[in-house]
1. Could you list log10 I(q)/I(0) for the stretch 151-255 at q = 0.11, 0.23 Å⁻¹, which the Debye formula gives when each Cα is one point scatterer?
2. From the helices alone, meaning DSSP H stretches of at least four residues, give me the mean residue ellipticity at 222 nm for the chain, per-run term -39500 (n - 2.57), in deg cm²/dmol to the nearest 500.
3. Give me the Debye-computed log₁₀ of I(q)/I(0) at q = 0.10, 0.12 Å⁻¹ for the stretch 240-383, equal point scatterers on Cα only, no solvent, two decimals.
4. Using the structure shown, select from LYS30/LYS362; LYS14/LYS362; LYS53/LYS165; LYS30/LYS287; LYS163/LYS310; LYS47/LYS290 the pairs with a Cα to Cα distance greater than 30 angstrom.
5. Gain in length, GLU159 to ALA103, computed as 0.36 nm per residue apart minus the alpha-carbon separation, to one decimal in nm?
6. Using a 10 angstrom cutoff on alpha carbons, build the Gaussian network for the chain and name the most mobile of ARG144, ARG313, ARG44.
7. Highest mean first, how do 188-198, 12-22 rank when packing is the count of other Cβ atoms within 10 Å averaged over residues?
8. Per residue, how big is the convex hull around the C-alpha atoms of the stretch 290-374? Give it to me in cubic angstrom, could you?
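The values are calculated or read from the model by the stated rules, or taken from the named source; none is laboratory data. Small disclaimer: the values here were computed from a predicted structure and weren't measured. Cβ sites come from the backbone with ideal geometry, for glycine too, and all protein chains shown count toward neighbours. The protein model used for the area step is the full one, side chains on, heavy atoms only, and it has no ligands, DNA or RNA in it. Shrake-Rupley method; radii C 1.70, N 1.55, O 1.52, S 1.80 Å.
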Amino acid sequence: GGSDDPAKPGGKVKLTIATFGEFGYKDLYKEYMAANPNVEIVERITKAEDHHKNLAAHLATNTGAADIEAIEEGWAGQFTANPGKFYNWTDYGANDIKSQWPAWKWQQGSSAKGEVVGLGTDVGGMAMCYRRDLFEKAGLPTDREAVSALWPTWEKYIETGVKFKNANIKGSAWMDGPTVMYRSILGQQPTGIYDGDKVVVETNPGVKRAWDLTIDAINKGLSGKIAPWSADWNAGMAKGSFVTLACPSWMMAYIQSQAKDSSGKWDIAAVPGGGGNWGGSFLTLPKQGKNVEEAAKLAKWLVAPEQQAKVFRALGNFPSTVSLYEDAVIKDFKNPFFNNAPVGQIFSNSVKTMVPQYMGPKSGDINTAIQNGLTRVEQGKQK
């Protein structure tokens, strides 16, 4: 449950924050509680699909939501369409810090009438993470420039995957499964699930391209058949069960947290097809929260440029704060875990050139249905 009871006089204010994946906030919570001894922070972490399903249920029943709830861009439209369930950030000083974000990020977190439902955390510029050690074992180049040159397109990525497969590296597949590849290709299309307010899945060639390429990779035996965000996926990052993983910037955080002993084995190259965006999240204040002033204070602190920079340098989630993109703290940063890849430069360039897609109310649910279909094909349950 959330904070059902207001803080007792003289007692600590307990703030619950519900997230998914790896937001990189654990050290920040400690820092905040040390500076604010009257606050106790409790984090709930759930798989993304379940998190958003749970949040929708909590809002519908008016019980169970955390003081701060994260929402991912794919589901943002579902919640910005129902702004009455959230405190409006403009009542808690959001307009004073609006210039932190690019206009499109601010708009993604706002309702059609301009109520600000969520403040932006990170953005999901694209790259490709790969295992240098296993590339070398398969006779493929390992230098990131040479690796980037292997796959200017997704078709070339599949061709390179076939070469890796033919090298017969025991226990290692080219890619984890269909979800990450599909979402990455979809994120590069000018139009995604929606065109304006209209769902265009059946007619949009961009969605079909993402589907067809992913099916081609499955049919060529390149998938490790490992579901993302599963225990096998987490372990596979450390064991080398798959050797490439399309990497929105937040994926770096996930790899580093799950494959702590694999430093230097992973590296980062350009993503096939160039550019694109997948992901990025927002912090919201559900109206069920009893300690809204304290919750707003914490959330604003978490999304401030200084904290976004700390998370990026520690784990990789790329800031949504525009002012940081030309700052040496981001631009010149090389990540030692990923063989000193110039991740600040890689993701700054990706984010500056990306054109965000419109995310409608059902984007998250529709993508889940498509990904479930890809998984059925991969498992041989459907053609």
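1. Values, matching the q order: -0.36, -1.25.
2. -12000 deg cm²/dmol
3. Values returned for q = 0.10, 0.12 Å⁻¹ are -0.46, -0.65.
4. In this structure, LYS30/LYS362; LYS14/LYS362; LYS53/LYS165; LYS163/LYS310 exceed 30 Å between Cα atoms.
5. 16.3 nm
6. ARG44
7. Result, highest mean first: 12-22, 188-198.
8. So the per-residue hull volume is 174 Å³.
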